[in-house]
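Colleague: Just passing along the structure, written as structure tokens.
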């Protein structure tokens with residue numbers, strides 16, 4: 001996960017260019033983002049690029065990413 005997007009492990013396949021709305025409910029609060037599929041790895045998952053994150057949700061997203069980075073958790077590439 002990064003400010004640009006994330007990789008979602010799923011067995012469901014969606015085509016490159018498909019769109020999605022993401023809702024996170026995490027310790028930092030609720031985060032909503034729109035995304036587009038940029039990469040498909042069959043039987044593994046999807047690389048999603050954020051296309052819109054509200055001004056209110058950007059600080060929460062940054063805090064979420066920082067908490068993973070600070071904890072030394074490996075992040076997948078978007």
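Colleague: Work out, in µm²/s and without decimals, the Stokes-Einstein translational diffusion coefficient of the chain at 10 °C, 1.306 mPa s, Rh from Kirkwood over C-alpha pairs.
Modeller: 124 µm²/s
Colleague: Per residue of the chain, what 222 nm ellipticity follows from adding -39500 (n - 2.57) for every DSSP H run with n ≥ 4, rounded to the nearest 500?
Modeller: Rounded to the nearest 500, it is -5500 deg cm²/dmol.
Coordinate-derived values only; no laboratory data. In this text, all values refer to a predicted model and were calculated from it rather than measured experimentally.
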